[in-house]
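The values are calculated or read from the model by the stated rules, or taken from the named source; none is laboratory data. Keep in mind that this is a model prediction, so the values were computed, not measured. For neighbour counting, all protein chains shown are included, and Cβ atoms are generated from backbone atoms with ideal geometry for every residue, glycine included. Ligands, DNA and RNA are excluded from the accessible area calculation, which covers all protein heavy atoms including side chains. Shrake-Rupley method; radii C 1.70, N 1.55, O 1.52, S 1.80 Å.
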Amino acid sequence: MDYKDFEDIESLESQKVGFDFKGFLFKALNLWELVLVCIGIALIVAYFINVRKQNIYRLDSLITVENDQNPFFTANTSISFNWGGVSGKVGSIITAVKTRTHNELVIDSLEYYKEYLKQGKYHLIDIYKESPFEVVTNKEAPQIINKPLRIKILDKDTYELSFEFENETGIVQIYSTKKKKSIKLESGLFKRTFRFGESVQLPFFNGVVNLKDDSIINPEINYYVRYLNFDSVVNSYKNTINIAPFSNEASSVLRLSLVGKNKSKIVDFLNATSAILSKTELARKNLYATNTIKFIDSSLGNVDTKLKLVTDEMNNFRKKNKVFDVEEEMLQISDQLRTYEQEQLQEQSKLNYLNTLENYLRTKTDYSQIAAPSSVGITEVNILSSVSRIIALSVERRNLEYSTKEGSILFDDLDRRIDTEKNVLLEAIKSTRNTISVQLSTLVRKIASLEEKLIDLPQDQQEYLKIQRSLDISREAYDIYQAKKSEAAIVKAANVSDITVIDEAKDIGNPPIGPKKSLNYMLALMIGFFMPMFLIFVIYLLDSTIHGSDEIEKMSKIPILGLVGKYRYKNNLVSYEKPKSAVAESFRAIRSSLQFIFKNNPSETRANTLMVTSSVSGEGKTFTSINIATVYALSGKKTILLGLDLRKPKIFDDFNITNEKGIVNYLIGDSKLEEIITNTHVENLDLITSGPIPPNPSELLMGDNLKQLISSLKNQYDIIILDTPPLGLVTDALELTQYADATIFMVRLDYTKKGMLQLVNAKYRTGELKNISFVLNFYKHKSNHNYGYGYGYGYGYGYGYGVYGNAYHERDNKSFLKKVKNFFRRL
């Protein structure tokens, strides 16, 4: 062998790591039954999942958000509160729907923490309004949660309440306060009969069960009532409810949608959500007017008190003094003085409001309780607009607190806007207060000037005019505040919610949106197909055995001499007892190929020597040795078969002879050559068995006696067949290669490991094995492998090689896992 041959072998071995997609494909096709079974199982599982799952529905409703102005709103009052545009309200409503506060109101109003259930075929079904009874919950008393209490209707007057308690403790909740606590229970079955309408007071249930008038009584049906954790229910609906603009982001029409298993509950929840939204937003819209009314009421109290005092003072003065007439000129001066004093009072009220507002802005953080500036007559546009904007921002921040964690960047942005608006408002207050102070100074001078004109009047007349002016001023102030209050009340009463329901939620026979049965079947089909394919792929990757001649061609330059198929027969003498079988024909083909090898490598003696070996036991080495020897003998060649597997003698069984004497006896000098040669019933075929198992088989095979034996046999026979131990397990076979003119290395498909070929290739490259060829055993022709040897023999033998292998492997009965593995490895 030259250097080029070594280079070719090394390059060939480097190609063996590639993935054989064609081999994998045909492996999968060969296991189509497994794929079909997995698909069937997956479809059955999908069917049971589909029939057990409850239908899921989606319903929706439409609401619109408008920027409605109050019909009684006037520019002078500015009591109606404008949020700042439709877009701002839409964003606030979308935020409010997803808040816990809003959903708590809805859940509490509908009592969705209480479920009415009925036993279905596979699970409990939520029947909601279809329940024949109604449970009036005592919200001040504890109710056990997450436990379905069975209610069995006995007749129209009585029912049976029962539950099997497994533990001695349970969790109850009081729905008025939403507090939970643990209580002690008596484990075991609780069962008691009650009358409908009777108040039930138990440690775990408190309420009244009323039978509906139109209900049909069926004692065979078991009903249940189950209380749930209030917070969990709220959180569930908060995460499930969806609200979004109907057409585009700028739309004022919003779509509310909800997914659930009971359409009636979905309808009620969506409609209750719309109603509570409308009610809540109306209350927020009336906030400005409500604060103004509160402010006016407090001012009215002060004015009313002063009016009473002045009235009493006037009455007392008239009792003490006679009625007198005041000159017309003095009366005019007094009326003018009263007008100035009235203006002074109004300006002072404005100044007091501004001082109060400034103090409120500097000391408070919630600016949603500011009264309308117009309630005291302030009409400055800057103050009115700033108060409106700062209240809107404060409400927006309060809404954000329900859905956003403190510390969010959204709060930082809102706080900056509020601080900016507050600073603008404080500057406006300062400027307006300076203006009012100037007006007050002017009024004080005018009042002082007029009072000097009244000094000449008698003292009693001056006092009378003074009391009269105070009385008139108090009456006018009281009338003004009453008018302001009435105006604010009218504005509040005329307010309507900016949220209008366009399309209520309604069950109009909406089909279920889930479970998606076709999708489940499709997923089952995919899982049923890809799961076994993946398993086959993993097994294929982990499989290190040789499956076909194409793999051998990729891994080694050693030629394939022939193919031997499967054939079920009672012994190894197939070529002799079944000469017309395909297996016998395959050995005759191997014989022809060997003649070509012997011709190219002529022996110096009469005989040609053939060594048959393998990597491990169970690959058909002894079977091949016997049948090749048989076909040579039947062709007229004087043939002898040597059993050189001294560790586990085997070949004597098929010829019905004993193993008492054999080559071991000759090698140790105990017998002569003539004494160990046995003539078989096959013409021209002699046999030398192994003989007793020696303690040192390798040493015996390395001795000179074996060399003398082979030399003697070459002078007597035409063909010498050496049945040797496995090359991959012991070194005996390597010691015998020196006597062989040709070597057959057995490869059993689906059994021989690919790594063993590397061992053979290495010894072939180093020259330890010469004129070596492969013979493929257990071959069966199919389109996925061996397409280079399509003439193969699709038969075979089935008595097996397990006994042979016991010399080198301890083998137990096949476990279930091994049987499964063999199933996946079959072709």
From the list V491, V501, exactly one residue is farther than 30 Å from T766 by Cα, open to solvent by 60 Å² or more (accessible area, probe 1.4 Å), in contact (Cβ under 8 Å) with a residue 24 or more places away in the chain and among the β-branched types (V, I, T). Which is it? V501
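Anything in segment 706-736 that is surrounded by 14 or more Cβ atoms within 10 Å (Cβ to Cβ) and part of a helix (DSSP H, G or I)? List them, or say none. Give the derivation first.
As a first pass, look at segment 706-736 and keep what is surrounded by 14 or more Cβ atoms within 10 Å (Cβ to Cβ): 706, 709-710, 713-714, 716-730, 732-736.
Of everything in segment 706-736, those that are surrounded by 14 or more Cβ atoms within 10 Å (Cβ to Cβ) and part of a helix (DSSP H, G or I) turn out to be L706, L709, I710, L713, K714, Q716, D732, A733, L734, E735, L736.
May I ask you to list the residues in segment 127-141 that are charged (D, E, K, R) and either in contact with a Gly (Cβ under 7 Å, 6 or more places away or on another chain) or more than 23 Å from K180 (Cβ to Cβ) (or both)?
Keep residues of segment 127-141 that are charged (D, E, K, R), which gives 129-130, 134, 139-140.
Result: K129, E130, E134.
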In segment 171-204, residues that are farther than 18 Å from K114 by Cβ, among the hydroxyl-bearing types (S, T, Y) and surrounded by 11 or more Cβ atoms within 10 Å (Cβ to Cβ) total 2
Do we find a residue being outside any helix (DSSP H, G or I), polar (S, T, N, Q) and in contact (Cβ under 8 Å) with a residue 60 or more places away in the chain anywhere in segment 518-536? no
Residue that is modelled with the lowest pLDDT, among those in segment 346-368 that are in a loop (DSSP other than H, G, I, E, B) and surrounded by 14 or more Cβ atoms within 10 Å (Cβ to Cβ): S368
What number goes with the only condition from (1) modelled with pLDDT of 90 or more; (2) out of contact with any helix residue (DSSP H, G or I) (no Cβ under 9 Å at 6 or more places or on another chain) that K118 does not pass? (2)
Is it true that some residue in segment 599-606 is closer than 24 Å to L727 by Cβ, touching an Asp or Glu at 6+ places or on another chain (Cβ under 8 Å) and open to solvent by less than 50 Å² (accessible area, probe 1.4 Å)? yes
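Residue by residue through segment 268-285, note down the ones that are farther than 14 Å from V106 by Cβ and either buried (at least 18 other Cβ atoms within 10 Å of the Cβ) or at pLDDT 85 or above (or both). So that I can check it myself, show each step before the final result.
The first filter runs over segment 268-285 and keeps only residues farther than 14 Å from V106 by Cβ, leaving 281-285.
Answer for segment 268-285, where residues must be farther than 14 Å from V106 by Cβ and either buried (at least 18 other Cβ atoms within 10 Å of the Cβ) or at pLDDT 85 or above (or both): E281, R284, K285.
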Tell me whether segment 424-445 contains one or more residues that are farther than 23 Å from A289 by Cα, loosely packed, with under 15 Cβ neighbours inside 10 Å, modelled with pLDDT of 85 or more and acidic (D, E). yes
Within segment 636-685, the count of residues that are β-branched (V, I, T) and more than 25 Å from T737 (Cβ to Cβ) comes to 5
Looking at (1) open to solvent by 40 Å² or more (accessible area, probe 1.4 Å); (2) assigned to a loop (DSSP other than H, G, I, E, B), which is the only condition E675 fails? (2)
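Quick one: which strands (runs of 3 or more DSSP E) lie wholly within segment 544-658 and hold at least 3 residues that are modelled with pLDDT under 85 and touching a Gly at 6+ places or on another chain (Cβ under 8 Å)?
Qualifying strands (runs of 3 or more DSSP E): none found.
Has segment 205-228 got any residue that is under 30 Å from A96 (Cα atoms), surrounded by 11 or more Cβ atoms within 10 Å (Cβ to Cβ), among the polar types (S, T, N, Q) and touching a Lys or Arg at 6+ places or on another chain (Cβ under 8 Å)? Please lay out each step first, then the result.
In the first step, residues of segment 205-228 are kept if they are under 30 Å from A96 (Cα atoms); the result is 226-228.
Right, trim to surrounded by 11 or more Cβ atoms within 10 Å (Cβ to Cβ) and you get 226-228.
From the residues that got through so far, the ones that are among the polar types (S, T, N, Q) too are none.
Among the residues of segment 205-228, not one is under 30 Å from A96 (Cα atoms), surrounded by 11 or more Cβ atoms within 10 Å (Cβ to Cβ), among the polar types (S, T, N, Q) and touching a Lys or Arg at 6+ places or on another chain (Cβ under 8 Å), which makes the answer no.
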Being surrounded by 15 or more Cβ atoms within 10 Å (Cβ to Cβ) and at pLDDT 90 or above narrows M531, M526 down to just M531
